[in-house]
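**Student:** Just dropping this structure here.
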Amino acid sequence: MSSMYFTEEHDFFRKSFQDFLQKEVVPHIEKWEKTGTIDRFIWEKFGEMGYFGINYPEKYGGMDLDLFYTVIFLEELQKVNSGGFAAAMWAHAYLAMTHLNKEGNHEQKEKYLAPSISGEKIGCLCITEPFGGSDVGGMRTTAVKKGDSYIINGSKTFITNGVYSDYLIVAAKTAPEKGNKGISIFVVDRDVKGISATKLDKLGWRASDTGEIAFDDVEIPAENLMGEENKGFPYIMQHFALERLIMGINAHARSEFALEYTKQYMQDRVAFGKPISKFQALRHRVAQLTSEVEVCKTFNYVTAKRLDQGEYVVKEATMSKLISTKVSDEVMYDCLQFLGGYGYMEDYPLARLARDSRLGPIGGGTSEILREIIAKMVMDGKEYKPAT
């Protein structure tokens, strides 16, 4: 199956990225997991190597490569066993920067996208709110037009890179009376007066900075509006397809990583005179989990191919996240069990993998919301179309 989607150039990129991660990232993971702060130098190294520009225009310093380079980027990030580090990287590259690339004008791209690709600036995407959760249309943050400015008031929460980023892509209501048809998107510099951020203490994804952000009479130039006013909701919905597919790919990749580690452990661990990999109850469960992961990966690759060809795969991407994250949680639960007491120890990778995996069915739309979105399409015949 690999040759169906990956060329020799893809394979070379994967190997070089693996080497980069082992040399530049893995030695620092334990420190970043403990401090919850990723040192700034690594962003610059990612930028120097071109990893933030994989699928962005050459005009702004990118490489404009196909989506399977992104698939490789995501899969290999999962193998450093830090969901938080991986999230910080892909939230910058595929949440904040996606909006910049799709809705930003040339001036905004020059100011924010180009230095994001080079690793000089870090971005975050601010959509989720304390009272909103998965209900994007229910957001309360407002942006009121005042002369040549907008005044932003409100709050956001669970924002990856929300504390240490240099700029924020912010969704706010410019016409609250219109509900979800009155949302707009803005790019906001971190150092603008009135912005404050509080770092949240999480169960997993410990290396990333996840913030709750408050906007208190934050005044920004009207030119910081991205795209058209009041078109923010369809912009957000349009990019959810990529975000959910990313989380599906992350899930199958970390599942594979956990299974590879666990299979090796089971071959080395001897009980009652033989490796525990020889006990039927355990080996059959591994066979079942491996099969489910392979099905998820195959579906995710097909969906990535269709997205790369320009199809609007909102249904398939939603299914990808729903099923792949569910399978990932099952894999982590059982792999931890196979390690016995050692699985519960922080010196072994499964404890962190289990914590990090649990975010999968929550972030980017809970599994409950995803089921309703799918139900609307398969039961009610609802069709979603891209905004641009």
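The values are calculated or read from the model by the stated rules, or taken from the named source; none is laboratory data. Every value quoted in this text rests on a predicted model; they were computed, and no experiment measured them. No Cβ is skipped: glycine too gets one built from the backbone with ideal geometry, and neighbour counts run over all protein chains shown. SASA here: full protein model, heavy atoms, side chains in, ligands and nucleic acids out. Shrake-Rupley method; radii C 1.70, N 1.55, O 1.52, S 1.80 Å.
**Student:** Most fluctuating residue of Lys59, Lys145, Lys297 in a GNM of the chain with Cα springs under 10 Å: which is it?
**Tutor:** In this elastic network of the chain, the residue with the biggest mean-square fluctuation among Lys59, Lys145, Lys297 is Lys59.
**Student:** Compute the FRET efficiency between Glu24 and Glu177 as 1/(1 + (r/R0)^6), taking r as their Cβ-Cβ distance and R0 = 51 Å, and round to the nearest 0.05.
**Tutor:** Numbers: r = 50 Å, r/R0 = 0.98.
Step by step, r from the Cβ atoms, then E = 0.50.
**Student:** Over the range 105-202, one equal point on each Cα, no solvent: what is log10 I(q)/I(0) by the Debye formula at q = 0.13, 0.14, 0.17, 0.20 Å⁻¹?
**Tutor:** Scattering profile of the range 105-202, log10 relative to I(0): -0.48, -0.56, -0.81, -1.08.
**Student:** I've got another one for you. Between the helical axis of 232-268 and the dominant principal axis of the chain, each derived from Cα atoms, what acute angle in degrees is found, rounded to the nearest 10?
**Tutor:** It works out to around 20 degrees.
**Student:** GluC sites (Glu not before Pro) within the range 271-329: which are DSSP loop residues with at most 16 other Cβ atoms inside 10 Å? Please list the in-between numbers first.
**Tutor:** Numbers: sites: Glu292, Glu294, Glu311, Glu316; in loops: Glu311.
Here the sparse-neighbourhood loop sites are Glu311.
**Student:** For the chain, with every protein chain kept in place, what is the accessible area per residue (1.4 Å probe, Å²)?
**Tutor:** Details: 17410 Å² over 388 residues.
Spelled out: the 1.4 Å probe surface of the chain, per residue, equals 45 Å².
**Student:** Something else about it: Which angle from 0 to 90°, rounded to the nearest 10, does the C-alpha axis of helix 67-78 make with the longest principal axis of the chain?
**Tutor:** On a 0 to 90 degree scale, this one is about 60.
**Student:** Report for the chain the percent antiparallel among DSSP-assigned beta bridges with both residues inside it, nearest 5.
**Tutor:** Roughly 85 percent of the DSSP beta bridges within the chain come out antiparallel.
**Student:** Hey, any idea what the orientation-averaged projected area of the convex hull of the chain's Cα atoms comes to, in nm²?
**Tutor:** Values: hull surface 77.8 nm².
Mean shadow area of the hull around the Cα atoms is 19.4 nm².
**Student:** So, with +1 on the Cβ of K and R and -1 on the Cβ of D and E, and no other charges, what is the size of the charge dipole of the chain about its Cα centre, to the nearest 20 debye?
**Tutor:** Around 1000 debye, computed over the chain.
**Student:** Expressed in nm to one decimal, what extension gain is obtained for the pair Ile362 and Asp216 from 0.36 nm per residue of sequence separation less their Cα-Cα distance?
**Tutor:** 49.7 nm
**Student:** Between Met345 and Lys145, what is the FRET efficiency for a Förster distance of 56 Å, r being their Cβ-Cβ separation, to the nearest 0.05?
**Tutor:** FRET efficiency, Met345 to Lys145: 0.50.
**Student:** What full-extension length gain, to one decimal in nm, is calculated for Tyr333 and Lys193 as 0.36 nm per residue of separation minus the Cα-Cα distance?
**Tutor:** That pair, Tyr333 and Lys193, stretches by 45.9 nm at full extension.
**Student:** On a 1.4 Å probe surface of the protein chains, which of His252, His284 comes out largest in accessible area, and what is the full order?
**Tutor:** The most accessible residue leads, giving His284, His252.
**Student:** Could I ask something else about it? Net charge near Gly182, counting Lys/Arg +1 and Asp/Glu -1 over other residues with Cβ under 14 Å of its Cβ?
**Tutor:** Taking every Cβ under 14 Å from that of Gly182, the sum is +3.
**Student:** OK, next. With +1 on each Lys and Arg Cβ and -1 on each Asp and Glu Cβ, and nothing else charged, work out how big the dipole of the range 77-192 is about its Cα centre, in Debye to the nearest 20.
**Tutor:** 240
**Student:** Heavy atoms only, probe 1.4 angstrom, no DNA, RNA or ligands counted: give me Arg269, Arg244, Arg285 ranked by accessible area, highest first.
**Tutor:** Accessible-area ranking of Arg269, Arg244, Arg285, largest first: Arg269, Arg285, Arg244.
**Student:** In degrees, nearest 10, range 0 to 90: what is the angle between the Cα axis of helix 367-378 and the longest Cα principal axis of the chain?
**Tutor:** On a 0 to 90 degree scale, this one is about 80.
**Student:** What percent does the relative contact order of the chain come to when contacts are Cα pairs within less than 8 Å and at least six residues apart?
**Tutor:** Contact order relative to length: 16 percent.
**Student:** How large is the dipole of the range 189-245 about the Cα centre if only Lys and Arg carry +1 and Asp and Glu carry -1, each at its Cβ, rounded to the nearest 20 debye?
**Tutor:** Approximately 420 debye in magnitude.
**Student:** Order the following by accessible area, largest value first: Thr35, Thr298, Thr262. Probe radius 1.4 Å; ligands, DNA and RNA are ignored.
**Tutor:** Descending accessible area places them as Thr35, Thr298, Thr262.
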